[in-house]
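Engineer: Quick one: this structure, given as structure tokens, is what I'll be asking you about.
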Amino acid sequence: MSAQIIDGKAFAAKLRGRISEEVAKLKNDHGMTPGLAVVLVGEDPASKVYVSSKGKMTKEVGMNSYEYKMPAETTQEELLAKVEELNNDENVHGILVQLPVPKHIDDHAIINAISPEKDVDGFHVINSGRLATGATGAQAPLVPCTPLGSLMLLKDHLGDLSGLNAVVVGRSNIVGKPMSQLLLGESCTVTTAHSRTKDLPEVVGRADIVVAAVGRPEMVKGEWIKEGATVIDVGINRIERDGKNILVGDVDTASAMERAGAITPVPGGVGPMTIACLLVNTLTAATRKLGLPQPDLLGK
Ligand code: GUN
């Protein structure tokens with residue numbers, strides 16, 4: 001058997017198209033242009049690439065993009081002051097401080113200084129608490145982008161997820177923990193596995209859904225995977241192979257293709273969904289500010 005490829009790149013492009021339509025409606029009907037502010041502290045090359053593509057895609061859907069580049073020596077107080085300024089800026093509906101921040105800055109303090117209503121990363125304790133408690137309606141959380149995008153791909157491929165065994169490999173605050181919460185919210189039976197999990201191959205082998213988010217190149221092997229399972233590979237690891245620099249995921253795709261029913265490729269799977277979901281969250285934050293209902297972006 002060879003697994004079906006879940007095309008995150010195409011899904012994300014369609015999603016961005018729907019977002020553009022909703023942004024145009026907001027401009028026309030309410031005179032509002034959603035705005036996303038991204039703050040980058042320091043010179044991390046990977047972060048610079050992410051921030052520039054976030055800015056580009058924000059503009060492409062018709063939103064305003066505000067980029068703030070601050071030097072590596074920026075103090076915590078200076079960064080907190082920037083966050084406060086953006087919290088109070090009427091034109092800014094979403095705020096993202098690119099992580100990691102330099103070591104002398106406490107990232108928890110920064111994240112939790114962002115207004116929860118503008119926290120388009122969904123990292124604020126209020127948003128993670130709302131996600132954990134299943135809050136809905138006006139209290140619904142802004143959900144971290146990578147897990148949100150992964151869930152969209154899963155639901156698009158599988159439909160109803162209830163009762164399925166899901167194993168999330170990884171327990172980061174950015175992906176693993178919120179992913180587990182989202183799957184629990186979909187009534188999956190969820191196991192959160194990690195580097196200390198005993199007999200990881202056996203645990204993964206029970207899963208109908210595997211989400212790999214450990215940040216270790218090709219760690220999850222095809223032989224571990226249950227026949228027909230759906231595999232979401234969150235990893236983006238740069239490695240050298242045969243003298244070439246290539247991107248690989250946290251799953252050994254070649255062997256997983258032999259067992260899985262469907263799998264996200266790297267690149268072109270979850271990666272493009274992350275930025276698309278950042279735009280989803282910015283649109284959500286903007287519509288909520290106007291008291292409007294959440295637009296249906298996934299309607300066929
Ligand atoms: N660095 C790597 N991924 C992310 C993300 O999703 N949000 C932020 N703010 N920083 C990141």
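Engineer: Only one of these is under 26 Å from ALA276 (Cβ atoms) and either within 13 Å of the ligand (Cβ to nearest atom) or not small (Gly, Ala, Ser) (or both): GLU90, GLU73, GLU77, GLU85. Name it.
Structural biologist: None of the others qualify; the one that does is GLU90.
Engineer: Has the stretch 68-82 got any residue that is touching a residue at least 60 places away in the same chain (Cβ under 8 Å) and outside any loop (DSSP other than H, G, I, E, B)?
Structural biologist: No, the conditions are met nowhere in the stretch 68-82.
Engineer: Then there is this: Taking helices (runs of 4 or more DSSP H) that do not extend beyond the stretch 134-226, which have at least 3 residues that are buried (at least 20 other Cβ atoms within 10 Å of the Cβ) and either of a type in the set (Gly, Ala, Ser) or in contact with a strand residue (DSSP E or B) (Cβ under 7 Å, 6 or more places away or on another chain) (or both)?
Structural biologist: Where helices (runs of 4 or more DSSP H) fall fully within the stretch 134-226 and carry at least 3 residues being buried (at least 20 other Cβ atoms within 10 Å of the Cβ) and either of a type in the set (Gly, Ala, Ser) or in contact with a strand residue (DSSP E or B) (Cβ under 7 Å, 6 or more places away or on another chain) (or both), they are 145-158, 176-185.
Engineer: Follow-up question, since we're still on this one. Is it true that some residue in the stretch 57-66 is buried (at least 18 other Cβ atoms within 10 Å of the Cβ), modelled with pLDDT of 95 or more and part of a helix (DSSP H, G or I)?
Structural biologist: Yes.
Engineer: Now for a separate question. Answer yes if at least one residue in the stretch 162-177 is charged (D, E, K, R) and within 16 Å of the ligand (Cβ to nearest atom), and no otherwise. Walk me through it before giving the result.
Structural biologist: Of the stretch 162-177, the ones charged (D, E, K, R) are 171, 177.
From what is left, the residues that are within 16 Å of the ligand (Cβ to nearest atom) are 171, 177.
So far as the stretch 162-177 goes, yes, one or more of its residues are charged (D, E, K, R) and within 16 Å of the ligand (Cβ to nearest atom).
Engineer: While we're here: Please find, among VAL39, VAL49, the residue that is within 16 Å of the ligand (Cβ to nearest atom) and either in a strand (DSSP E or B) or surrounded by 16 or more Cβ atoms within 10 Å (Cβ to Cβ) (or both).
Structural biologist: Result: VAL39 is the single residue among VAL39, VAL49 that is within 16 Å of the ligand (Cβ to nearest atom) and either in a strand (DSSP E or B) or surrounded by 16 or more Cβ atoms within 10 Å (Cβ to Cβ) (or both).
Engineer: Still on this structure: List pairs: first residue in the stretch 43-57 and hydrophobic (A, V, I, L, M, F, W, C), second residue assigned to a helix (DSSP H, G or I) and within 13 Å of the ligand (Cβ to nearest atom) anywhere in the structure, Cβ distance under 6 angstrom, at least six positions apart or on different chains.
Structural biologist: These pairs meet every condition: MET57/ILE275.
Engineer: Regarding the stretch 113-120, can at least one residue be identified that is touching a residue at least 12 places away in the same chain (Cβ under 8 Å), more than 14 Å from the ligand (Cβ to nearest atom) and of a type outside the set (Asp, Glu)? I'd like the intermediate steps shown before the answer.
Structural biologist: To start, the set of residues in the stretch 113-120 that are touching a residue at least 12 places away in the same chain (Cβ under 8 Å) comprises 113-120.
After this cut, where a residue has to be more than 14 Å from the ligand (Cβ to nearest atom) as well, the list is 115-117.
Next, from what is left, pick out any that are of a type outside the set (Asp, Glu): 115-116.
Looking through the stretch 113-120, at least one residue is touching a residue at least 12 places away in the same chain (Cβ under 8 Å), more than 14 Å from the ligand (Cβ to nearest atom) and of a type outside the set (Asp, Glu).
Engineer: Kindly provide the set of residues from the stretch 255-285 that are small (Gly, Ala, Ser) and either within 16 Å of the ligand (Cβ to nearest atom) or in contact with an Asp or Glu (Cβ under 9 Å, 6 or more places away or on another chain) (or both), ordered by number. Break it down stepwise before answering.
Structural biologist: Narrowing the stretch 255-285 to residues small (Gly, Ala, Ser): 255-256, 260-262, 268-269, 271, 276, 285.
Once the filter is applied, which keeps residues that are small (Gly, Ala, Ser) and either within 16 Å of the ligand (Cβ to nearest atom) or in contact with an Asp or Glu (Cβ under 9 Å, 6 or more places away or on another chain) (or both), the stretch 255-285 yields SER255, ALA256, ALA260, GLY261, GLY268, GLY269, GLY271, ALA276, ALA285.
The values are calculated or read from the model by the stated rules, or taken from the named source; none is laboratory data. The structure displayed is predicted, hence computed values, not measured ones. Note that we place each Cβ from the backbone using ideal geometry, even for glycine, and neighbour counts take in every protein chain shown.
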